[in-house]
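The next block holds one structure in the form of structure tokens; read it before the comments.
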Amino acid sequence: MARVKLAGVCVALLISSAVLLVYQAVTLRTTLTENANLQAEMIADNVSASVMFADARSTAEVLHSLGKVPYVEEVCIYTESGKLFAGYRKPGFDKHDHAVGSLAKATSQGKRLSLSDVFVASTISQNGKTLGYVVLVAGTSGMLAQLLHYGGFLVAASMCAIWIAFAVTSRMGMRIVQAEKKLEYLASTDPLTGLPNRRAFYEELDERLQDALASATRVALILVDLDDFKTINDTLGHGAGDDLLKHVAIALRQAVRKTDVVSRIGGDEFAVLVEAADHKAEGLATAERIARALARPFDLTRASVVATASVGVSVYPDDAEDVAALVSSADIALYAAKSTGKNVAVAFHPSMTVEAHRRARLETELRKAIDADALHLVYQPQFDCRTSQLIGAEALVRWTHPSDGEISPAEFIPVAEGSELIVALGQWVLRRACLDAARWNAEHDTAIHVSVNVSARQLRQAQFTEQVKAVLDESGLASPLLELELTESQLMANMAVGVEAMQQLRTAGVRLALDDFGTGYSSLSYLQSFPVNNLKIDRSFIRPLPQAGQPIVAAIISMARSFGIAVVAEGVEEPSQLAWLCDAGCDIVQGYLTGRPMPVAQFRELLGAEIC
Ligand SMILES: Nc1nc2c(ncn2[C@@H]2O[C@@H]3COP(=O)(O)O[C@H]4[C@@H](O)[C@H](n5cnc6c(=O)[nH]c(N)nc65)O[C@@H]4COP(=O)(O)O[C@H]3[C@H]2O)c(=O)[nH]1
């Protein structure tokens, strides 16, 4: 393209140079003709007297003085009858025919456009009477020399212009090539880690599958998702998060062969393509090596963090026959890895597709169930350890599926949490629980609180506090009788947002409880940051009591007390557990021993009851 443009510039310059040259030739010839005419008129004036007196010698002297005028080559004086009277010819000028018939030439050719000599004539007259004629021949050699110089200058200038145009075009061409390369790099590379990005990864995956098909080999797709990356990002800052991703990228590259492709395909998602796996098991072996490589501390600028990963792997053509199916099966395996407890590598198995389909079906049907008000709540009583009085109840959602029967919240809550569905579900539960609690307190003139589980997605909603206030207004439930249960891990996922929302809720008078305490980070510093009223010790800590596990439960109780936080023990099933907990200073108990989750009508009958 640049060459075509350059050729265009050359042709344009050539044409304009030719036009300028012709113009210059015309100008020079016109000037020469004018000068010659002027000169001939001057000669006619000067020789008129000599001609009149037929003084050829004087005339010749006048003509001789013309030797100094560079362009004059020959001058002839003719009598009126056309006879040559006198003449001058520059030395070396030997065109004899000029003299002969030059008068006629002068009158016929004086203004002709040509590069040959210029002939001009002037009339010699005295007192209005014609005495003869002057014919002057002006040479064009000087004009040609000037034209040659001018042409030379034009050629030099054109060459310069072409050279500059060439230099500029090739420089621009180089810049365009560089810019195109840079654009291509940016479009296909993740700027943070320098790894191929999602787009480049899919292109590569497509190519590799075609190669594998042609050579009858295998390709394993490994999807890597960092566990709790959000937590690290939120607690240590985005700089640390970026730093971690760079370390992970390096660790991944080191964990695989040079021919394998490592890409960053999402925020904390990486994909690895393992080429030509001879056995299906090779894919899983690489995936396990990756999981091990990532399960170690990474030294970031401000802290050392352990970023474990969930890894899912699927192999072409064993598990899938095309790109979409391969990605989907690796994704399913990744999901399985995450639900297995993270920090593991899981290979795809066809049975997982059944689970994935069930999850997708549950999601669709749960959405319909929420819209159709087909869910219901059960309430599990909570008792005060000191007074043995019923003081509250935890609302637990139940879903009786039209064909599948009872579906456990342990199954459908994670499905809802995987999408925005949990927001609608949570809002439904909150409203139903507040309406029920307001009603039972009004009927029995009691102040029994209701605890409602809140998911992180709900809490992250900007208008969550306003929604809670609206539900309290609608139901008429006093705000201190509503307790919202939040889990540590959910709060850690976005600490800043979580703490801010919690403070707004506390300002609105709502009570807060930290659920499942002990299963997540359980750090004192986190407990200090969360403005909670209650701390619920997870039932996994209660189960071994009183034979084992007392020190840890005793430590949690005393720690919570020192922060002025009440302790709720979940999952109390044995009288011995209850006795130990009450002795150890636990404030509230909840479990199958004191009451299983029950329908609201049954719960209302309990009001005023004591621990059995
Ligand atoms: N083995 C044993 N289990 C006991 C005992 N006492 C209570 N439980 C069970 O422990 C779970 C306590 O709820 P969670 O920790 O909040 O755990 C809940 C909660 O995380 C979630 N969930 C339930 N309802 C809701 C809801 O409305 N919203 C949200 N976001 N999550 C909910 O589902 C989880 C499971 O709920 P459920 O199946 O109802 O299971 C309930 C309850 O039935 C006991 O003595 N022994």
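The values are calculated or read from the model by the stated rules, or taken from the named source; none is laboratory data. Everything numeric in this text was worked out from a predicted model, so none of it was measured. Every residue, glycine among them, receives a Cβ derived from its backbone with ideal geometry; neighbour counts consider all protein chains shown. Heads up: the accessible areas ignore ligands, DNA and RNA and are worked out on the full protein's heavy atoms, side chains in. Shrake-Rupley method; radii C 1.70, N 1.55, O 1.52, S 1.80 Å.
By the helix-only formula, in which each DSSP H run with n ≥ 4 contributes -39500 (n - 2.57) and the sum is divided by residues, the chain has a 222 nm mean residue ellipticity of -17500 deg cm²/dmol. Accessible surface for the stretch 126-262, divided over its residues, is 56 Å² per residue with a 1.4 Å probe.
The solvent-accessible area of Ser188, taken with every protein chain present and a 1.4 Å probe, is close to 20 Å².
The share of Cα pairs per 10 Å bin across the stretch 173-251, counted from zero up to the longest distance, runs 15, 30, 30, 20, 5 percent.
Strictly over 30 Å apart at the Cα level, which of Lys182/Lys338; Lys230/Lys536; Lys469/Lys536 would you flag in this model? The partial results should precede the final answer.
Numbers: Lys182/Lys338 37 Å; Lys230/Lys536 24 Å; Lys469/Lys536 24 Å.
Where the Cα-Cα span goes over 30 Å, the pairs concerned are Lys182/Lys338.
Summing +1 for each Lys or Arg and -1 for each Asp or Glu among the other residues whose beta-carbon sits under 11 angstrom from that of Asp243 gives 0. Ligands, DNA and RNA left out, the 1.4 Å accessible surface of the stretch 198-348 is 51% carbon and sulfur atoms. Applying a DSSP loop filter and a limit of 15 other Cβ atoms within 10 Å to the trypsin sites (Lys or Arg not before Pro) in the stretch 109-204 leaves Lys111, Arg112. Here the average projected area of the convex hull drawn through the C-alpha atoms of the stretch 199-346 stands at 8.1 nm².
Roughly how many Å² is the accessible area per residue of the stretch 360-606, as a whole number, for a 1.4 Å probe?
Per residue, the stretch 360-606 has 42 Å² of solvent-accessible surface.
Comparing Cα centroids, the stretch 17-87 and the stretch 351-367 end up 112 angstrom apart. For the stretch 319-420, the normalised intensity computed at q = 0.15, 0.22 Å⁻¹ comes to -0.77, -1.13 (log10 of I(q)/I(0), Debye sum over alpha carbons, equal scatterers, no solvent). Packing, taken as the mean count of other beta carbons within 10 Å per residue, orders the peptides 236-249, 401-414 from highest to lowest as 236-249, 401-414. Using alpha carbon coordinates only, what is the Rg to Rh ratio of the chain, with Rh defined as the Kirkwood radius? For the chain, the value is 1.54. Seen against the Cα atoms of the chain and their longest principal axis, helix 421-444 is set at about 40 degrees.
Rounded, prolate or oblate, given the Cα gyration tensor of the stretch 360-606, with a/c below 1.5 counting as rounded?
Numbers: a/c = 1.40, a/b = 1.28, b/c = 1.09.
Because its axes are fairly even, with a/c under 1.5, the stretch 360-606 counts as rounded.
Loop-located trypsin sites (Lys or Arg not before Pro) across the stretch 1-96 with a Cβ neighbour count of 15 or fewer within 10 Å are Lys83, Lys95, with loop assigned by DSSP.
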